[in-house]
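The values are calculated or read from the model by the stated rules, or taken from the named source; none is laboratory data. Not measured: the values here are computed from a predicted model. Quick reminder, even Gly has a Cβ in these numbers, built from the backbone with ideal geometry, and neighbours come from all protein chains shown. Surface accessibility is based on the protein's heavy atoms, side chains included, excluding ligands, DNA and RNA. Shrake-Rupley method; radii C 1.70, N 1.55, O 1.52, S 1.80 Å.
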Amino acid sequence: MINPNLETILIAGVLIMCFLVALQMKRYNDAPWKSVFVAISIVITGLLSCDIWFALENGYWGGKSFYGALFFAPLTFVVVAKLLRIPYSHAMDYCATAGCLVLGLLKADCMLNGCCKGIILWEAYPGEYVRFPSQALEMLCALALMFVSIWTSRKESCRGRIYPNIMVAYGASRFVLNLFRDDWDRAHDMGIIMPIGNIWSIGAIGIGIIWIFLLKWIDSRNRI
């Protein structure tokens, strides 16, 4: 069940997504009204995939792992692109913009709920600790990548390549910020020498790089 704070955040997010994606669709000569379905698809599939990835990672339901949205979106948007009758490459560019916004909004929910805390930097008062602002920085990184996605979509040479580049950038930023998250105990219990999230960060970077080189290879083949 979605908590009231997250429900409000997501409703606002859908409205913002519709506007941003509609602008992109206009540039791509796709019907802007389809942005509504892109936004709704991103939220629904994003939330479900976050739940699924958390369950796969931990062996039980009851949390969210944002990497689920990052990894499952390229698969779910094969169907979305067909239903909306838009090129898959266009759909993934829209997904990059909308997906980064969702990741930022979900991290705002983490800030409200007090989860995903940063490591303790110092004790300000007895029992009161100053922590590394990992939640806020992760949110800002996701929103910054959203603006990068919007900006790069203005250039025709970048279109169709935005999502894999976002995967690399998001994976790299999360790899660094995960080092300052207060969840090392769980990783140590599993015999892992780095935060669990960093394994998925490396996976995101690797998939993104392979995807980018694959697109370049396809372009080179088409020019022959």
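Charges were assigned to the Cβ only: +1 to each Lys and Arg, -1 to each Asp and Glu. The resulting dipole of the chain about its Cα centre is roughly 1180 debye. Dividing the summed helix terms, -39500 (n - 2.57) for each DSSP H run of n ≥ 4, by the number of residues in the chain produces a 222 nm estimate of -25000 deg cm²/dmol to the nearest 500.
Both numbers refer to the Cα atoms of the stretch 67-186; Rg and Dmax are 17.0, 60 Å.
Comparing SER157, SER89, SER49 in a Gaussian network model of the chain, where Cα atoms under 10 Å apart are tied by springs, the biggest mean-square fluctuation is seen for SER157.
Counting only residues at least eight positions apart within a chain, or on another chain, the aspartates and glutamates with an alpha carbon under 20 Å from that of LYS117 are ASP51, GLU57, ASP109, GLU128, GLU138, ASP182, ASP183, ASP185, ASP189. Counting every C-alpha pair in the chain, the share spaced more than 22 angstrom apart comes to 52%.
Per residue, the average separation of C-alpha pairs within less than 8 Å and at least 6 apart gives the chain a relative contact order of 16 percent.
Do any of LYS107/LYS216; LYS64/LYS155; LYS26/LYS64; LYS82/LYS155; LYS34/LYS155 go past 28 Å between their Cα atoms, and which? Those over the limit are LYS107/LYS216; LYS64/LYS155; LYS26/LYS64. Principal-axis analysis of the Cα atoms of the chain puts helix 67-84 at an angle of about 30° to the longest axis. Angle of helix 88-113 to the longest C-alpha principal axis of the chain, folded into 0 to 90 degrees and rounded to 10: 20°. Figure note: LEU15, LEU214, LEU106 ranked by solvent-accessible area, largest first, 1.4 Å probe, ligands and nucleic acids not counted: LEU15, LEU214, LEU106. Checking the a/c ratio against 1.5 first, then a/b against b/c, what shape does the Cα gyration tensor give for the stretch 124-172? Note, shape of the stretch 124-172 comes out prolate. Estimated at the nearest 10 Å², the accessible area of ARG221 is 140 Å² with a 1.4 Å probe. The 1.4 Å probe gives accessible areas that order GLU156, GLU7, GLU57, largest first, as GLU156, GLU7, GLU57. Using a Gaussian network model of the chain with C-alpha springs under 10 Å, which one of ILE212, ILE162, ILE44 is most mobile by mean-square fluctuation? Highest fluctuation among the options: ILE44.
Largest first, the residues LYS34, LYS216, LYS26 sort by 1.4 Å accessible area into LYS26, LYS216, LYS34.
Could you list which residues have their amide H under 5 Å from that of TYR129, counting only those 5 or more apart in sequence or on another chain, with H placed in the peptide plane? Placed amide hydrogens put ALA124 under 5 Å from TYR129. The long axis of helix 196-223 is offset from the longest Cα principal axis of the chain by roughly 10 degrees. Note on VAL168: accessible area approximately 40 square angstrom, rounded to 10, probe 1.4 Å, nucleic acids and ligands left out. To the nearest 10 Å², what's PHE19's accessible area with a 1.4 Å probe? Its heavy atoms expose roughly 130 Å² to the probe. For the chain, the solvent-accessible area works out to 54 Å² per residue, with a probe of 1.4 Å and every protein chain left in place. Once you order the gyration tensor axes a ≥ b ≥ c over the Cα atoms, which shape class does the stretch 1-99 get: rounded for a/c under 1.5, otherwise prolate or oblate by comparing a/b with b/c? Taking the square roots of the gyration eigenvalues as a ≥ b ≥ c, the stretch 1-99 is oblate. The accessible surface of the stretch 75-224, taken with every protein chain in place and a 1.4 Å probe, is 67 percent carbon and sulfur.
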